[in-house]
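What follows is a short report on a single structure.
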């Protein structure tokens with residue numbers, strides 16, 4: 001089922017959480033709402049669910065307006081940030097809850113409920129733990145139970161609020177891949193909120209980058225990463241170096257912009273060389289070299305302005321260069337994206 | 001009762017729409033609640049003062065100036081002055097030993113400290129009669145040495161200490177447990193002595209909790225009736241506390257005087273509630289600062 | 001005490017603090033209470049039975065425990081309501097009512113006793129209106145119920161309130177997302193969460209009501225076999241210098257107190273069962 005959000009605004013007192021946001025989520029896709037805290041992503045998710053009412057604008061599910069329908073009638077599955085499992089119920093009862101509260105004539109029989117719950121338990125690989133209480137589960141297990149509980153009512157839309165936020169790094173990585181595979185299996189239209197760009201890039205079909213209550217950019221992960229529309233998107237999706245003004249670095253100089261411009265360069269797009277091999281390279285001094293796992297991070301200072309710069313080299317390249325602190329080198333941005341100076345990050 | 005246990009920082013719950021009750025249900029529930037509380041709490045409270053002043057200010061003041069009443073007030077103040085500090089010291093010491101250290105039998109010890117709360121006041125008085133009364137364990141010895149505890153002031157003080165025994169400890173134990181021992185450990189690593197640590201780190205952290213416990217302890221000490229009634233002997237002007245004086249006046253059908261004296265205790269209760277509310281608020285802050 | 005010192009805490013004063021605690025506890029509470037146990041142990045079994053199971057005493061148990069049970073029930077019902085309204089809704093005077101809930105803790109029982117007796121007497125503020133409908137409260141067992149309800153009122157409110165305050169809004173939202181209506185959410189999700197606190201408050205209110213003396217005797221009428229509570233019977237026996245009888249009944253009450261205290265502790269443990 002597709003979701004259409006038409007010009008939605010929402011204020012909390014003086015604070016504008018969403019400013020005229022429009023968005024379409026195609027049927028069957030897995031979409032990430034990505035942004036820093038306070039960007040309005042959770043509010044948007046809650047408005048889609050019907051947990052929050054928009055001040056203005058409409059929500060359509062498959063072209064049918066649902067703006068005023070109650071959360072109970074929307075048939076959305078919602079996975080909460082802290083899971084919101086019912087702690088006095090077993091895993092089984094948690095998952096069965098949505099089925100057992102259905103009106104009597106729609107409610108499946110006991111045997112059917114049991115069958116459905118065990119089908120879901122199998123899906124989340126927790127068949128053994130049906131009789132446990134939430135307090136007896138690990139974070140990752142709770143997360144999966146919350147997901148199964150949301151799926152039990154066969155929702156038309158699955159909404160997840162920071163689904164991996166409370167987990168440690170390793171479990172998070174596993175669950176991400178699992179969610180991706182799960183979505184490929186069941187293909188329910190899904191929207192999840194995250195502040196972690198890696199998570200969005202790895203899991204989502206489409207990414208919607210939000211900032212200060214507005215959508216900065218939407219597109220496939222490759223689109224937003226390779227062609228960021230704004231400086232905000234650029235800097236939110238990875239490490240960045242800024243080249244200010246004209247006459248410092250290559251493309252900024254080349255850019256025929258009448259206004260002062262800023263060049264944005266990713267750390268891994270900076271080449272460090274001993275010899276001047278290209279006219280766009282500039283001189284810099286090595287300040288600090290640090291090996292971080294497979295990468296080597298080099299802090300540099302530009303010779304003319306003294307501005308700080310960070311380059312990420314592969315171990316191989318770094319070993320070959322064998323950089324020493326204090327030595328003078330040439331740096332060359334491989335790829336620069338230019339935005340006019342008055343853009344604010 | 002004990003604040004610290006349940007009071008963590010209250011989350012501001014953002015209630016979305018459609019999750020509350022319909023307005024009609026809401027107002028109905030509020031109305032029933034206010035009705036219930038007004039009927040059971042406000043009406044009796046108002047009645048105390050209304051009855052006390054029914055015959056005018058002069059009768060009211062005269063009732064309070066009566067020598068037996070003044071003697072009762074004095075005895076009540078004396079009793080509180082002895083029992084509250086003793087239980088305060090106990091409360092702080094016990095809380096230090098229990099909240100800042102781990103040892104087997106800890107929860108059993110806490111249960112024992114709570115015990116006087118669940119014992120009937122009458123039984124609380126009775127046990128001292130059995131110990132110190134004429135037919136009690138120490139009765140003959142006390143009589144031989146011309147010491148009187150039961151039907152005298154010491155008995156009243158002892159019974160009061162018993163019934164107010166848990167108040168301070170009960171407030172401080174959960175509060176100090178919630179605060180942990182990191183700050184004290186930090187003070188020790190910075191070279192503070194044990195006493196300095198207690199006075200300059202622990203005490204400031206629990207001062208409102210202490211006030212909270214003391215104010216409740218004091219209210220009960222001044223207002224205790226059942227236990228004191230058993231050990232007092234009801235001698236006018238000498239072994240009557242304020243609550244006992246109220247009883248005597250009431251049983252003599254001297255209602256105006258009875259309620260006049262009772263109004264003193266009701267005022268004490270109101271002051272207690274105000275101080276308690278403030279202290280509770282501060283205890284929440286003490287916990288939130290962690 | 002060093003035997004107890006399992007963890008190597010660097011904080012000083014454990015030995016003296018625990019030593020003083022146990023010393024003071026023994027002097028004030030344990031030794032006097034043991035006097036009760038030893039005194040009742042001097043009775044022979046038939047003597048003991050005659051003291052604790054005579055018809056008048058049994059009638060007093062019935063009155064005391066019956067009224068206490070009912071009062072605790074009323075307090076459980078209204079306690080949940082009051083806690084719910086104080087936590088969930090906004091209304092004028094909310095803070096005042098919240099503070100006022102503790103009045104029965106702060107108001108001396110004798111004052112509560114004479115006031116309730118006056119208010120519910122047949123020409124009192126409330127009693128007058130009840131009298132018109134043929135309901136007598138003061139000097140009847142109903143009066144005992146009123147007094148016990150009054151003194152037990154804060155317990156359930158104060159145990160349930162923090163549970164409701166800490167309840168995550170997400171829990172209710174989750175239930176609503178899964179299609180539960182408001183009543184189903186309350187009955188199947190919120191109430192089970194509150195239940196341990198409600199039962200704890202119920203037990204506390206019951207324990208308090210069973211032992212209560214001051215606020216009850218003024219309103220009770222104190223008719224043997226009808227409206228005489230057990231604590232009063234202990235005092236009556238004492239006044240008749242029947243120490244053995246008083247002690248026997250008191251030991252029964254003490255056992256009940258112990259049992260209730262144990263129940264309350266178990267309830268509190270149970271309420272932590274699902275805590276993370």
What does the structure give for C:78-89 when I average, per residue, the other chain Cβ atoms found within 10 Å of the residue Cβ? 4
Output the Cα-based Rg and Dmax of chain B in Å, rounding Rg to one decimal and Dmax to a whole number. 23.0, 78
Can you tell me the order of B:143-151, A:225-233 when each peptide is scored by its average per-residue count of other Cβ atoms within 10 angstrom, highest first? A:225-233, B:143-151
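With the contact rule set at Cα under 8 Å and sequence spacing of 6 or more, what percent relative contact order holds for chain C? Can you show the working numbers first?
Details: 306 pairs, mean separation 77.5, N = 276.
Taking the mean separation of contacting Cα pairs over the length of chain C, I get 28 percent.
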For the range B:114-227, divide the Cα radius of gyration by the Kirkwood radius and give the resulting Rg/Rh value with two decimals. 1.17
So what is the calculated 222 nm ellipticity per residue for chain A, using -39500 (n - 2.57) for each DSSP H run with n of 4 or more, over all residues, to the nearest 500 deg cm²/dmol? -8000 deg cm²/dmol
Pick from B:269, B:192, B:257: which is most flexible by mean-square fluctuation in a GNM of chain B where alpha carbon atoms under 10 Å apart are linked? B:192
Segments B:248-254, A:100-106, B:66-72 sorted - mean Cβ within 10 Å per residue, highest first: B:66-72, B:248-254, A:100-106
What helix-only [θ] at 222 nm does chain C give? Using -39500 (n - 2.57) per DSSP H run of at least 4, over all residues, to the nearest 500, the answer is -23000 deg cm²/dmol
For the range A:1-128, shape from the Cα gyration tensor axes a ≥ b ≥ c, cut at a/c of 1.5 then a/b versus b/c, turns out prolate
For the protein assembly as shown (alpha-carbon point model, no solvent) the Debye-based log₁₀ I(q)/I(0) at q = 0.05 Å⁻¹ works out to -0.43
Intensity falloff of the range C:29-80 expressed as log10 I(q)/I(0), Debye formula with alpha-carbon point scatterers, at q = 0.17, 0.26, 0.29 Å⁻¹: -0.75, -0.90, -0.96
Based on the Kirkwood radius over alpha-carbon pairs, what is the Stokes-Einstein translational diffusion coefficient of the range C:44-275 at 25 °C with 0.890 mPa s viscosity, in µm²/s? 126 µm²/s
If I take all pairs of Cα atoms in chain A, what percentage of them are more than 36 Å from each other? 36 percent
Within chain B, helix-based [θ] at 222 nm, where runs of 4 or more DSSP H residues each add -39,500 (n - 2.57), nearest 500: -23500 deg cm²/dmol
Need one word for the range B:28-150: rounded, prolate or oblate. Basis is the Cα gyration tensor (sqrt eigenvalues a ≥ b ≥ c); a/c below 1.5 gives rounded, then a/b vs b/c decides. oblate
Average beta-carbon neighbours from other chains, 10 Å sphere, peptide B:249-261: 2
Partner chain Cβ atoms within 10 Å, averaged over the residues of B:94-100 - can you pull that number for me? 6
Would you please classify the overall shape of the range C:32-174 from the alpha carbon gyration tensor, given that a ≥ b ≥ c denote the square roots of the eigenvalues, rounded means a/c under 1.5, and beyond that prolate means a/b larger than b/c while oblate covers the rest? oblate
Scaled radius of gyration (Cα, divided by 2.2 N^0.38 Å) that the range B:25-97 gives: 1.84
Just B:241, B:79, B:59 to compare: in a GNM of chain B, with alpha carbon springs under 10 Å, which one fluctuates most? B:59
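Computed from the coordinates by the stated procedures, all read-outs in this text should not be read as laboratory data. All values derive from a computational prediction rather than experimental measurement. Glycine also receives a Cβ, built like all others from the backbone with ideal geometry; neighbour counts cover every protein chain displayed.
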